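Right, one structure below, let's go through it.
The values are calculated or read from the model by the stated rules, or taken from the named source; none is laboratory data. All values derive from a computational prediction rather than experimental measurement. Every residue, glycine among them, receives a Cβ derived from its backbone with ideal geometry; neighbour counts consider all protein chains shown. These accessible areas exclude ligands, DNA and RNA; they are computed on the full protein's heavy atoms, side chains included. Shrake-Rupley method; radii C 1.70, N 1.55, O 1.52, S 1.80 Å.
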Amino acid sequence: METTFLKSILDNDFYKFTMQHAVIKLFPKAKVRYGFINRGKHVFPEGFADLLRRSVDAMSNLRLTKEEKSYLSHYCPYLDPTYLDFLQGYSFDPSEVQISQEGSEIKVTVEGFWYRTILWEVPLMALISELFYKANHLIRLNDEAVKSLTKEKIDNYNKLGVSILEFGTRRRHSYDVHDLVNETLQTYGGQSFIGTSNVHFAMVNNRRPLGTHAHEWFMFHAAQYGFKMANLISLEHWTQVYGGDLGIALTDTYTTEIFFNQFDKKYSKLFDGVRHDSGDPIEFAQKVIAHYVKMGIDPKSKAIVFSDSLNYDKVKTIVDFCHDKIKMSFGIGTNFTNDVGLPAMNMVIKLTDTKPDNIHWQGVVKLSDEKNKNTGTPEMIALAKEVLGIK
């Protein structure tokens with residue numbers, strides 16, 4: 001059966017590189033584990049683990065090219081030259097990834113130094129998704145139909161007059177579909193399409209890559225510094241590394257309620273805005289606007305990046321509410337890169353355990369605004385809720 005290979009080391013979400021840069025600076029000795037979660041109960045055919053193993057092993061051949069390094073240096077001046085040198089010498093180590101299969105279930109785990117293993121999650125998911133469709137011989141819409149669908153979507157977003165980001169690397173149907181989508185968005189995006197979180201496709205289209213940080217940044221800080229201090233120290237460390245660049249804060253690692261209790265005037269002013277990733281988007285917008293008003297900050301000077309399973313109808317509802325109240329943009333993922341006439345996969349790869357400097361291994365927790373998105377052992381989730389006073 002045909003194996004899938006990645007074409008570039010930059011075929012990854014930008015926030016993985018921005019976090020890697022910060023981890024190298026602040027936590028070079030930390031170790032982590034990640035685990036695959038099959039939320040959609042997808043049935044993997046016999047031999048799938050072997051297919052995935054071959055694709056993962058081939059990733060050891062990827063290297064940052066001179067052209068890619070030059071691109072990052074030009075578009076991302078806040079990434080230190082020493083980091084770009086590190087990335088040029090970096091290679092994936094497939095021994096960090098364990099893959100097994102029992103019946104139709106696959107198990108995928110990653111373990112190693114955080115500064116190294118942080119780049120695995122997104123390409124691993126992209127490979128699992130693409131191989132799943134190939135291994136099950138599922139036929140997608142043809143190229144012209146994919147381009148036509150994408151054009152129709154971006155035309156509608158242009159009529160709404162909103163800013164659209166493409167966030168679809170992790171659960172894309174395939175590299176080829178992702179390429180078609182970005183080519184179409186680049187051609188017909190007009191004022192609406194402002195770019196992609198995928199660094200490789202951003203480079204192909206001569207655009208700046210988009211993104212900041214992910215839940216794992218906050219989850220690690222909770223293990224290192226405790227649940228009560230996780231948000232504050234995460235934000236402080238981010239500003240230490242980036243000094244005001246990459247200023248969109250993720251709010252829902254330990255519920256939005258807890259986040260805004262700790263998002264004081266200093267950080268509310270310093271960060272350009274916040275990202276919505278779970279829970280009701282209108283309720284979230286109301287909380288954000290009220291928070292900025294309470295801080296004496298004009299909400300119209302700040303932004304919300306909405307990024308939770310968006311499609312046109314959801315975007316339209318949010319725009320109708322937020323118009324003239326606060327700036328907004330929309331990160332659209334699977335609805336762009338895996339709307340090809342087949343069911344999209346529902347899966348994640350999440351940080352499960354960390355071993356901060358000179359501390360034992362311990363499980364990490366995410367307390368989403370949606371209960372079914374919580375991650376961690378029941379005991380750790382209960383502990384986090386007790387410490388944070390969440391009922």
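Miscellaneous remarks
- Given (1) surrounded by fewer than 23 Cβ atoms within 10 Å (Cβ to Cβ); (2) hydrophobic (A, V, I, L, M, F, W, C); (3) out of contact with any Phe, Trp or Tyr (no Cβ under 8 Å at 6 or more places or on another chain), number of the condition Ile233 does not satisfy: (3)
- Candidate set from the range 172-191 (those that are surrounded by 21 or more Cβ atoms within 10 Å (Cβ to Cβ) and outside any helix (DSSP H, G or I)); member that is nearest to the chain's Cα centre (by Cα): Arg172
- Just one residue in the set Val177, Val97, Val199, Val204 is β-branched (Val, Ile, Thr), assigned by the TED database to the domain that holds Lys31 and closer than 30 Å to Asn61 by Cα; that residue is Val97.
- Residues in the range 109-164 that are open to solvent by 50 Å² or more (accessible area, probe 1.4 Å), among the aromatic types (Phe, Trp, Tyr) and under 17 Å from Arg53 (Cβ atoms): none.
- Annotation note: of Lys366, Lys325, Lys391, the sole residue that is among the basic types (Lys, Arg), more than 23 Å from Gly168 (Cα to Cα) and in contact with a helix residue (DSSP H, G or I) (Cβ under 6 Å, 6 or more places away or on another chain) is Lys325.
- Residue in the range 351-359 that is in a loop (DSSP other than H, G, I, E, B) and open to solvent by 60 Å² or more (accessible area, probe 1.4 Å) present: yes
- On inspection, Ser307 fails the criterion of being over 15 Å from Ile164 (Cβ atoms) and in the same structural domain as Gly168 (by the TED database).
- Sole exception among (1) modelled with pLDDT of 95 or more; (2) outside the structural domain of Lys41 (by the TED database); (3) β-branched (Val, Ile, Thr) for Thr354, by number: (2)
- In the range 244-281, residue farthest from Ile332 (Cα to Cα) [restricted to those that are open to solvent by less than 10 Å² (accessible area, probe 1.4 Å) and among the small types (Gly, Ala, Ser)]: Ser268
- Of the residues making up the range 5-38, those that are among the polar types (S, T, N, Q) and surrounded by fewer than 23 Cβ atoms within 10 Å (Cβ to Cβ) are Ser8, Gln20, Asn38.
Listed here are the residues, each with its yes/no results for (1) surrounded by fewer than 23 Cβ atoms within 10 Å (Cβ to Cβ); (2) of a type in the set (A, V, I, L, M, F, W, C); (3) closer than 16 Å to Cys76 by Cβ.
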site: Gly211; (1), (2), (3): no, no, yes
site: Met219; (1), (2), (3): no, yes, no
site: Gln224; (1), (2), (3): yes, no, no
site: His237; (1), (2), (3): yes, no, no
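- Taken over the range 327-350, the residue count meeting the criterion of being touching a strand residue (DSSP E or B) at 6+ places or on another chain (Cβ under 8 Å) and open to solvent by 10 Å² or more (accessible area, probe 1.4 Å) is 5.
- Checking each residue in the range 77-91 for being under 22 Å from Phe201 (Cβ atoms) and out of contact with any helix residue (DSSP H, G or I) (no Cβ under 8 Å at 6 or more places or on another chain) picks out only Pro77.
- Any hit, the range 226-243, residues being in contact (Cβ under 8 Å) with a residue 40 or more places away in the chain, in a helix (DSSP H, G or I), out of contact with any helix residue (DSSP H, G or I) (no Cβ under 8 Å at 6 or more places or on another chain) and among the small types (Gly, Ala, Ser): no
- Exactly one residue out of Gly244, Gly189 is on the phi > 0 side of the Ramachandran plot and outside the structural domain of Val32 (by the TED database): that is Gly244.
- Breaking point among (1) open to solvent by 40 Å² or more (accessible area, probe 1.4 Å); (2) farther than 20 Å from Gly211 by Cα; (3) within 21 Å of the chain's Cα centre (by Cα), for Gly296: (3)
- Test for Lys265: is it touching a helix residue (DSSP H, G or I) at 6+ places or on another chain (Cβ under 7 Å), free of Cβ contacts under 8 Å to residues at least 60 places away in the same chain and of a type in the set (Lys, Arg): no
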